[in-house]
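Trainee: If you scroll down you'll find the structure; I have some questions about it.
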Amino acid sequence: MSLIAFPFAHSKRALLAACVTAALPYVPALGQGTTPAAPAAPAAAPATPAAAPAAPSATKAGAVIQHILVEGAQRIEPATVLSYISIHEGEPYDEQAVDRSLKTLFATGLFADAKFNWDGSTLTINVVENPIINQVVFEGNDKVSEKDLNKEVQEKPRTVFTRARVQADVQRIIELYRRNGKFAATVDPQIIQRPQNRVDLIFSINEGPTTGVARISFIGNRHFSDSQLKDQIATEESAWWRILSSNDNYDPDRLTFDREQLRRFYLKRGYADFRVVSSVAELTPDRENFYITFTIDEGDVYNFGTVIINSKIKELSPASLRPLVPIVDGSTYNAELVDKTIDALTNAAGTKGYAFAQIHPRIKRNHDTRTIDVVFDVEEGSRVYIEKINIVGNTRTLDKVIRREFRLVEGDAFNRVLVDRSRTRIKALGYFKDVDVKPLPGSQPDRTVLQVNVTEQSTGELQLGAGYSSLSSFVGQFSYTERNLFGRGEYLRASIEASSISKEAQVSFTEPWFMDRPLAAGIDVYDILTDYVQVDYQSNTLGTGFRLGFPTSEFGSVGLRYTISEATVSPFSDAPSVILQAAGSETTSSFGYSYSYNTLDDPIKPRHGYTFELSQDFAGIGGTAKYIRTLVAGGVHHPLFWDQFVGTLSLNAGYIQPYNGRDLYLTDRFYKGGDTFRGFALAGVGPREVSASGENAIGADTYAIGTADLRLPEFLPADYGVALSIFSDFGTVGHLDTGVPADNCNPFPPGLVCIKDNMAFRASAGLGVNWKSPFGPIQISFALPVVKESYDKSQIIYFSAGTGL
């Protein structure tokens, strides 16, 4: 085995006759204001193969070719070689035809050398095949992963080795390093010969130091400071505290993006004549960093003049459309408001059934008055029909799982509103990291092809959860969840939870399209063992349930369910009276329904929309439990503060009422706290029985808990997956009909239950951290009770972590 540099030019007829060493130092151009190192000049190679040798004698020049022999072929069949040449047996010998054939052989890239020998009757073709690449190896790469390098290079294992592709790959690798701030990187391509005309291709990489940004300056900015403009661009100056940033190195592509960001910044503030004159990057004297200079021309500030809407659609009058336009006559010009107006008018036309409406803005600039008049022309547009829907990227999920979420089918008229809704529904499945629907030209001008590009993500999850309370109570959870079982969209979850107070095992299965109809059918089986040390009782609940759901509209759905369970309560010997009275078993047979309405624009990180859900359960269809339970939940999401924040206001409320003279069973009441009322421990807020042995939670009949949440802008690059929010939970839990107020229980009267239950208002505030870590999602909540009762139990930190499959 020997390390050599492309030794495969064996004759003067080789396309690359010069023997050039593989170590070819290459430094690319660094852009404006930079001085690249001069590359080493390789030995010149002839652009075309040498002409075929002259015939041995004039008498043989025009002789007929009797035989054509191919010698030297190993992997390639002689018949394949003959198929490339333009001369055949039985034809007169022609040097021009031989020369053309020689060039054709080299053009295939299969041969390192080729010779044509003519003896007057037989034409012998001697070929030397290019080797086959055994493997491609990268050495010295640290900044760029091997996966990214493999995506860039063209040479792959089991392909024919060619020098031209290797040199092209060298340039691609260096360009990749340049985009990562490594302008001093060099690549040395080498090969190792293997038996059977195979080679190992090695790219030896010297990454060199990272080229940072020492200074960013602006010339021509009169109304905004350098620091204000630096906040608008992506490129950052290098600093020791930016260890997590990837934008503090010079990247010409990012510099182009920065120019566009500056243009948008000024256009939003009325500078309609703004332009970036130049953006120059210069190497520092030590050649380790760059000085970046933007030269700009701000121009003058313009105001909006008159705004006119010309509608050619009868159902859309200019008067009805004008309230949708966010532009105020005389206000400072803002190019974003023009784009928002186009979107608003397009959506308004779509809701009226004009999915092909076209909005054409005409802008008239008045230099003398520094005003800009805008005219919006609304036209119906020509109809376009969907010829085909192609789905790309679903390597695991079946096509039908995606197609059944589409609001359009082949042959329907194209409708942007329905296309956007389809994209939202597909993304709401939770199976895909990204969903993109693009209309492509069809076979005719009035046809379009919808291409759905999906990027699948992990749908299986092994989750490990943990929680910590002020009572030193740790909670552990282990669960397996598969949201897309076998790619059919089925849901399966099996979980085991254990803590100092409970142990729970549960299995759930859901078929979202039962019998290929929009009916969601499911079954649940669970066994819960609760050991409330602080509450002085142990309960064991074993049950199963059946579910069926179906849509009632585009955004609404109804669910039906039946549940049967048996709960057994075993009080401790020193338990208070209310716990002792609940000893025994109870069977619950209940039927329930729910109605939900959801208009969220994104199921993962919504910015717009609202949700509402109403559910009721009727217990008493058999069994011993008799009650009616009602739950209501709702929430609204909306962007706030220059669209940089997202505000969420939600409310959850519940009420349970016994009937037929039956009291509520202890396990049927509401226990709130933990993740349902952050800042308080599990069952840490609500009614408590007071006895000589202490205070014990006994659940509540009523609760109403609201949440105000403000999602903060991302302060780290999106790749880090860190999201922050500040929140406040507030509400009340209580309203028991049994017992007497604890204030009247001093001393404790025999036979009576003393209850602390005043339906007092509680509130907490805190910070939420969500991190999509490499080993799974992590959620941490820090919350402090702001308003609480003396008998409430607090929990400061809630933590959970999981890992995906």
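Trainee: For LYS268, list long-range residues whose amide hydrogen, built 1.01 Å from N in the peptide plane, is under 5 Å from its own amide hydrogen.
Mentor: Close amide H contacts, sequence-distant or interchain: ALA335.
Trainee: Heavy atoms only, 1.4 Å probe, whole protein assembly: order TRP513, TRP771 by accessible area, highest first.
Mentor: Reading off the accessible areas and sorting them downward yields TRP771, TRP513.
Trainee: Provide the net charge surrounding TYR610, with neighbours chosen by a C-beta distance below 15 Å and charges set as Lys +1, Arg +1, Asp -1, Glu -1.
Mentor: -4
Trainee: Name the long-range amide H neighbours of CYS754: under 5 Å, sequence gap of 5 or more, or other chain; modelled H, no Pro or chain starts.
Mentor: VAL690, VAL740
Trainee: Any of LYS433/LYS772; LYS182/LYS772; LYS268/LYS340; LYS268/LYS364; LYS147/LYS427 with alpha carbons more than 19 Å apart? Name them for me.
Mentor: Violating the 19 Å limit, Cα to Cα: LYS182/LYS772; LYS147/LYS427.
Trainee: Give me the net charge of GLN135's neighbourhood, meaning all other residues with Cβ under 10 Å from the Cβ of GLN135; Lys, Arg count +1, Asp, Glu -1. It would help to have the intermediate numbers written out before the result.
Mentor: Details: positive: LYS156, ARG158, ARG194, ARG198; negative: ASP200.
Cβ neighbours under 10 Å give a net charge of +3.
Trainee: Would you tell me the accessible area of LYS147, worked out with a 1.4 angstrom probe on the heavy atoms of the protein chains, in Å² to the nearest 10?
Mentor: 140
Trainee: Take GLU129, GLU456 and sort them by solvent-accessible surface of the protein heavy atoms, 1.4 Å probe, largest at the top. Working shown, then result.
Mentor: Working: GLU129 10, GLU456 50 Å².
Result, largest first: GLU456, GLU129.
Trainee: Follow-up. Per residue, how much accessible surface does the range 488-528 expose to a 1.4 Å probe? Answer in Å², no decimals.
Mentor: 55
Trainee: Around ARG163, with a cut-off of 13 angstrom between Cβ atoms, what is the net charge of the other residues, counting Lys and Arg +1 and Asp and Glu -1? Each step should come with its number before you reach the end.
Mentor: Working: positive: ARG165; negative: ASP113, GLU155, ASP169.
Net local charge, ARG163 excluded: -2.
Trainee: Next question. Give me the percent of accessible area attributable to carbon and sulfur for the range 309-424, probe 1.4 angstrom. Walk me through the numbers on the way to the answer.
Mentor: On the way: 3130 of 6250 Å².
Whole-percent figure for carbon plus sulfur exposure: 50.
Trainee: What are the ³J(HN,Hα) values, in whole Hz, obtained from phi via the Karplus relation 6.51 cos²θ - 1.76 cosθ + 1.60 with θ = phi - 60°, for each residue of the range 595-608 in sequence order, with x given for Gly and Pro?
Mentor: For the range 595-608, the Karplus-derived couplings read 10, 10, 9, 9, 10, 4, 7, 8, x, 8, 10, x, 10, 10 Hz, x marking Gly and Pro.
Trainee: Which order do the peptides 304-310, 420-426 come out in when sorted by mean C-beta neighbours inside 10 angstrom, highest first?
Mentor: Most protected by this proxy first, the peptides run 420-426, 304-310.
Trainee: Can you give the accessible area of HIS67, probe radius 1.4 Å, in Å² rounded to 10?
Mentor: In the full protein context, HIS67 sits at about 100 Å².
Trainee: For a quick check: with amide H placed at 1.01 Å from N, whose amide H comes under 5 Å from VAL685's, ignoring anything fewer than 5 positions away on the same chain?
Mentor: Here LYS672, LYS793 satisfy the definition.
Trainee: Still on this structure, I have one more. Calculate one ³J(HN,Hα) per residue across the range 373-389 by plugging θ = phi - 60° into the Karplus curve 6.51 cos²θ - 1.76 cosθ + 1.60, and present them in order as whole Hz with x for glycine and proline.
Mentor: 8, 10, 10, 9, 9, 9, 10, 5, x, 8, 7, 10, 10, 7, 7, 7, 10
Trainee: Can you work out the Karplus-derived ³J(HN,Hα) for every residue in the range 516-524? Use 6.51 cos²θ - 1.76 cosθ + 1.60 with θ = phi - 60°, whole Hz, and x for glycine or proline.
Mentor: 3J(HN,Hα) across the range 516-524, in whole Hz: 6, 10, x, 10, 8, 10, x, 9, 10.
Trainee: I'd like the accessible area for TYR659: 1.4 Å probe, protein heavy atoms, all chains in place, Å² to the nearest 10.
Mentor: Rounded to the nearest 10, the figure is 80 Å².
The values are calculated or read from the model by the stated rules, or taken from the named source; none is laboratory data. This structure is a prediction, so every number in the text was calculated from the model and none was measured. Cβ coordinates were reconstructed from backbone atoms using ideal geometry, including for glycine residues, and neighbour counts include every protein chain displayed. All accessible areas refer to the heavy atoms of the entire protein, side chains included, with ligands and DNA or RNA removed. Shrake-Rupley method; radii C 1.70, N 1.55, O 1.52, S 1.80 Å.
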